[in-house]
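All remarks here apply to the structure that follows.
The values are calculated or read from the model by the stated rules, or taken from the named source; none is laboratory data. Only a predicted model underlies this, so the values are computations on that prediction, with no experimental measurement involved. Reconstructed Cβ throughout: ideal geometry from the backbone, glycine too, with neighbour counts over all protein chains shown. The accessibility values were calculated without ligands, DNA or RNA, using every heavy atom of the protein model including side chains. Shrake-Rupley method; radii C 1.70, N 1.55, O 1.52, S 1.80 Å.
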Amino acid sequence: MNIDLSTLSNTNIYHVMTQTIIPRPIAWVLSENSNASMNLAPFSYFNAVCSDPPLCMLSMGKKPDGAAKDTATNLVVGAYCVIHIAHLEQADTVTATAATLEYGESEIDHSRVSLVEHANWPLKRISDCPIAYLCKVHSTSEIGNTPQQLVFAQALELYVDDSAISQQNERFYIDALAVNPLARLGANQYASIGDVISKSRPK
């Protein structure tokens with residue numbers, strides 16, 4: 001089947017894209033509300049886009065009423081955030097934190113997420129997440145006819161659970177199976193990473 005995307009509504013394009021660009025990593029983003037409470041929300045329009053400086057990009061739509069999402073409101077240039085990579089067993093909690101709440105209501109309280117202090121960092125991080133990027137917002141912009149908020153977050157520090165990382169000389173190696181990351185598919189579907197295979201690049 002060939003699908004002419006120009007004939008589809010924005011909603012239908014979203015649904016077909018999220019079911020075909022798979023699997024996608026999920027950024028579980030912790031940020032601070034203006035009342036000093038914590039906001040936590042998942043985003044699967046997310047990836048690494050630059051290594052120098054180390055930048056991750058988040059793309060955010062609007063709330064159902066057309067207002068900016070709380071994370072987008074919080075992540076102005078210079079704001080701090082923590083981008084977590086959740087593990088498979090956290091699927092229920094990740095999904096719960098996608099609920100639309102009034103600005104200033106904390107998903108941390110609603111979903112009973114446990115946080116832990118991180119040395120020399122203004123925000124806490126989720127205690128049982130295997131990976132956490134400690135970031136400061138580098139830049140933002142809007143894109144699209146139905147505007148998406150783009151946030152480029154510069155990673156200043158990276159936390160990896162000791163059970164999932166090793167080091168040989170100057171290179172770090174992450175054990176993907178030990179991380180057991182939660183991946184996003186379309187609709188209400190998620191996935192595990194399944195088998196891990198290795199293929200050497202040609203010289």
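Once the gyration tensor of the Cα atoms in region 6-74 is diagonalised, the equivalent ellipsoid follows with semi-axes of 24, 19, 10 Å, ordered largest first.
Using a simple spin-label model with pseudo-atoms 7 Å out from Cα toward Cβ, N188 and H15 lie 1.4 nm apart.
Shown is the FRET efficiency for K199 and D175, computed with R0 = 25 Å from the Cβ-Cβ distance and rounded to the nearest 0.05: 0.90.
Positive contributions from Lys and Arg (+1) and negative ones from Asp and Glu (-1), summed over other residues with Cβ under 10 Å from the Cβ of A79, come out at 0. Descending by average beta-carbon neighbour count within 10 Å, the peptides 75-86, 160-171 line up as 75-86, 160-171, the highest first. Accessible area per residue for the chain is 61 Å², calculated with a 1.4 Å probe on protein heavy atoms, without ligands, DNA or RNA. Normalised by the number of residues in the chain, the average gap of Cα pairs under 8 Å and 6 or more apart makes the relative contact order 24 percent.
Entry for the chain at q = 0.14, 0.15, 0.16 Å⁻¹: log10 I(q)/I(0) = -0.89, -1.02, -1.16, Debye formula applied to identical alpha-carbon scatterers, no solvent contribution. The distance between label points at C50 and A67 comes to 3.2 nm (points 7 Å beyond Cα on the Cα→Cβ vector). As a fraction of the 1.4 Å probe accessible area of the chain, surface on carbon and sulfur atoms comes out at 50 percent.
Shape class of region 71-143 from the alpha-carbon gyration tensor: oblate, with a/c at 1.5 or above and b/c at least as large as a/b. Taking every alpha carbon pair in region 107-154, what does the distance histogram look like in 5 angstrom bins from 0, in percent? Once binned at 5 Å, the Cα pair distances of region 107-154 give 5, 16, 17, 17, 16, 15, 9, 3, 0. In the chain, the calculated helix contribution to ellipticity at 222 nm averages -3500 deg cm²/dmol per residue, counting -39,500 (n - 2.57) for every DSSP H run with n ≥ 4. Can you pull the one-decimal nm distance between simple spin-label points at E157 and A99, each 7 Å off the Cα toward Cβ? That separation, rounded to one decimal, is 3.1 nm. Kirkwood radius and radius of gyration were both taken over the C-alpha atoms of region 115-192, and their ratio Rg/Rh is 1.04.
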